[in-house]
Amino acid sequence: QVHLVESGGGSVQPGGSLRLSCAASGSVVSIYAMGWYRQAPGKQRELVARITSGGSTTYEDSVKGRFTISRDNAENTVYLQMNTLEAEDTAVYYCNALIRELYTTSPRDYWGQGTQVTVSS
């Protein structure tokens, strides 16, 4: 089995920073794209940032210039550095990864359990 374990959420004042981490463990053979999604109360889950295995990145417009996604392939870990946080960034953040598991031929999506980020004064 494969598991994604997130850490780094919490509460911060507007303008502050947080760093989220997500580590994949278990019977991982290959990790393709990794990303972060978020879901605010009453809203649909949305893509925040995504990074391919080659390091190409994509960001949701509202976080461009404030958030940075990166990954450590040796550690099977993806990070999200969030700076200049705004109240509108408040949401549950979910890690996502496209992973091929041992004894399978095709990759599939895996999700973390979610971590709460609250931005409030």
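Brief remarks follow.
- Meets criteria (on the phi < 0 side of the Ramachandran plot, of a type in the set (Ser, Thr, Tyr) and either touching a helix residue (DSSP H, G or I) at 6+ places or on another chain (Cβ under 9 Å) or modelled with pLDDT of 95 or more (or both)) for residue 104: no
- Filter result (closer than 15 Å to residue 75 by Cβ, in contact (Cβ under 8 Å) with a residue 60 or more places away in the chain and loosely packed, with under 14 Cβ neighbours inside 10 Å) within segment 27-53: 30
- Unmet requirement for residue 88, which otherwise passes all of (1) at pLDDT 95 or above; (2) surrounded by fewer than 15 Cβ atoms within 10 Å (Cβ to Cβ); (3) under 19 Å from residue 23 (Cα atoms): (3)
- Of the residues 1, 13, 81, the single one that is in contact (Cβ under 8 Å) with a residue 60 or more places away in the chain, open to solvent by less than 70 Å² (accessible area, probe 1.4 Å) and out of contact with any Cys (no Cβ under 8 Å at 6 or more places or on another chain) is 81.
- Residue that is farthest from the chain's Cα centre (by Cα) [pool: residues in segment 95-121 that are open to solvent by less than 40 Å² (accessible area, probe 1.4 Å) and within 16 Å of residue 50 (Cβ to Cβ)]: 99
- Subset of segment 69-85 [more than 14 Å from residue 22 (Cα to Cα) and either polar (S, T, N, Q) or modelled with pLDDT under 95 (or both)]: 83, 84
The values are calculated or read from the model by the stated rules, or taken from the named source; none is laboratory data. Everything numeric in this text was worked out from a predicted model, so none of it was measured. Every residue, glycine among them, receives a Cβ derived from its backbone with ideal geometry; neighbour counts consider all protein chains shown. Just so you know, the surface numbers come from the protein's heavy atoms only, side chains and all, with ligands and any DNA or RNA stripped out. Shrake-Rupley method; radii C 1.70, N 1.55, O 1.52, S 1.80 Å.
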